[in-house]
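**Student:** Just passing along the structure, written as structure tokens.
The values are calculated or read from the model by the stated rules, or taken from the named source; none is laboratory data. Fair warning: this is a prediction, and the values are worked out from it, not measured in the lab. With ideal geometry, Cβ positions are generated from the backbone for all residues, glycine too; neighbour counts draw on all protein chains shown. All accessible areas refer to the heavy atoms of the entire protein, side chains included, with ligands and DNA or RNA removed. Shrake-Rupley method; radii C 1.70, N 1.55, O 1.52, S 1.80 Å.
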Protein chains: 2
Amino acid sequence: MQIDYAKLTTHERYKLLVSTVVPRPIALATTVDLQGVVNAAPFSFFNAVCDEPAAVMMCVNAVPGALKDTARNIRDTGEFVVNLVDEDIANAMNICAVDFPPEVDELKEAGLTAAPSLKVRPPRIAESPVSFECRRLANLELGIGRNLVVGEVLTAHIRDELIDAEKLRVHTEKMRLIGRMHGTGWYARTTDLFEMPRLSLDEFRQLKAAAED
Amino acid sequence: MQIDYAKLTTHERYKLLVSTVVPRPIALATTVDLQGVVNAAPFSFFNAVCDEPAAVMMCVNAVPGALKDTARNIRDTGEFVVNLVDEDIANAMNICAVDFPPEVDELKEAGLTAAPSLKVRPPRIAESPVSFECRRLANLELGIGRNLVVGEVLTAHIRDELIDAEKLRVHTEKMRLIGRMHGTGWYARTTDLFEMPRLSLDEFRQLKAAAED
């Protein structure tokens, strides 16, 4: 089936994208406003984007005239913390996604703990297995209220048992992170893994020759 | 454990990012050069980013003086096709990642079929369950040779049995897409799913009140 995007409504475009581009990693982002009030909200238009500078991107929507907290806070302060989401804090993440009034402390409602960051004002979430302190490098306004925010990673916090400190080797399979799937509430666990090593040109040629024998 | 990114090498920064920001969706991108020669290569610094305009982003590295095919082709033509990757074409995707000389046709080596696109010159991959024809909206050069490419989605191709054409409802769970995990070759299947519906403020308050009873 071929679908001409020019003929779709905004909602249809969104629905098709989020039900096909899966699994998406999840950033539970913490920010502060100019008074220091903490906000926490999850985003799945999120990914790593660069090694040098080390950077992640996150797309944050803002309604004109009524900037949502994360978008307004990043615009005002240039800082955010990305907290990754494992199975244990999945439900807490979902509470942070509730459309609370601005004065409500999402972390408290969700039973999560704010821990101080080293280089930015927004706290990290203590229960998160991995957090990245970020300073905004760029904000690309793709459409009205649609912000593609790129942040440089300044500090990483990783739970001790998840990393070999000597070799900086992360035990990714032990993190049990979840990915965002489709619909209003489907998620994937990262439990059903398989290994398919990348091939050098020589390895590919050898495999091909063997298959043709 | 706290890790100061200023003290890491580029390789260490990369290793920490790709072993923690998971699961990442995968774009098997097809492009053409100015002579029409097709290139195909997989990228996992990829995601949907916007509904209006409908857009995806993909980060493509280029070595100065020796532009890799995808980066050079998008720079020269402004067009690319994102083909999503299911379990059936995982191995073919891995062959497209082999560092072939520029004149080698990755699709042929991988046993994949180029099918014509409607609005852009790069072909889509017939075996892919979903393909998006894209025209570059923006290219953000984050570092030397590091391109964050944003493409507007012009056309979506979805395999007939994966979509309810009337309601534009995608059967995401039937797509069996894979996500990129850590290391040189770990991937996740999207088989181990769970539902956690997003809560309205009223629903949250009712749940909270019930829990406190």
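**Student:** Looking only at segment A:172-185, decide whether some residue is of a type outside the set (D, E, K, R), at the interface with chain B (Cβ under 8 Å from one of its Cβ atoms), within 30 Å of B:Lys174 (Cα to Cα) and over 19 Å from the mean Cα position of the chain (by Cα).
**Tutor:** No, there is no match, as no residue in segment A:172-185 is of a type outside the set (D, E, K, R), at the interface with chain B (Cβ under 8 Å from one of its Cβ atoms), within 30 Å of B:Lys174 (Cα to Cα) and over 19 Å from the mean Cα position of the chain (by Cα).
**Student:** Do you know which residues across segment A:47-93 are polar (S, T, N, Q) and surrounded by 20 or more Cβ atoms within 10 Å (Cβ to Cβ)?
**Tutor:** A:Asn47, A:Thr70, A:Asn73, A:Asn83
**Student:** Within segment B:51-80, take every residue that is closer than 17 Å to B:Ser131 by Cα and within 13 Å of another protein chain (Cβ to nearest Cβ) and give me the one that is farthest from the chain's Cα centre (by Cα).
**Tutor:** That would be B:Asp51.
**Student:** In segment A:12-50, which residues are more than 8 Å from chain B (Cβ to nearest Cβ) and either closer than 18 Å to B:Glu152 by Cβ or more than 17 Å from the chain's Cα centre (by Cα) (or both)?
**Tutor:** Passing the criteria: A:Val32, A:Asp33, A:Leu34, A:Gln35, A:Gly36, A:Val37, A:Val38.
**Student:** Filter segment A:133-144 for residues that are among the aliphatic types (A, V, I, L, M) and in a strand (DSSP E or B); which is nearest to A:Val81 (Cα to Cα)?
**Tutor:** Out of the qualifying residues, it is A:Leu137.
**Student:** Listed residues A:Asp202, A:Asp160, A:Asp105, A:Asp213; which is of a type in the set (Asp, Glu), within 9 Å of chain B (Cβ to nearest Cβ) and surrounded by fewer than 22 Cβ atoms within 10 Å (Cβ to Cβ)? Quick ask: steps written out before the conclusion?
**Tutor:** On the way: A:Asp202 fails: within 9 Å of chain B (Cβ to nearest Cβ); A:Asp105 fails: within 9 Å of chain B (Cβ to nearest Cβ); A:Asp213 fails: within 9 Å of chain B (Cβ to nearest Cβ).
Exactly one residue qualifies, and that residue is A:Asp160.
**Student:** Out of A:Leu154, A:Leu137, A:Leu112, report the one residue that is closer than 22 Å to A:Val37 by Cα, open to solvent by 10 Å² or more (accessible area, probe 1.4 Å) and in contact (Cβ under 8 Å) with a residue 60 or more places away in the chain.
**Tutor:** Being closer than 22 Å to A:Val37 by Cα, open to solvent by 10 Å² or more (accessible area, probe 1.4 Å) and in contact (Cβ under 8 Å) with a residue 60 or more places away in the chain holds for just one of A:Leu154, A:Leu137, A:Leu112, which is A:Leu112.
**Student:** Which one of these does A:Pro122 not meet: (1) within 8 Å of chain B (Cβ to nearest Cβ); (2) open to solvent by less than 70 Å² (accessible area, probe 1.4 Å); (3) in a loop (DSSP other than H, G, I, E, B); (4) over 30 Å from B:Lys174 (Cβ atoms)?
**Tutor:** (1)
**Student:** What strands (runs of 3 or more DSSP E) completely inside segment B:145-213 contain at least 2 residues that are more than 29 Å from A:Cys96 (Cβ to Cβ), at pLDDT 95 or above and not charged (D, E, K, R)? Full working, then the answer.
**Tutor:** On the way: elements: B:146-158, B:178-180, B:186-189, B:193-195.
Of the strands (runs of 3 or more DSSP E) lying wholly inside segment B:145-213, those with at least 2 residues that are more than 29 Å from A:Cys96 (Cβ to Cβ), at pLDDT 95 or above and not charged (D, E, K, R) span B:146-158.
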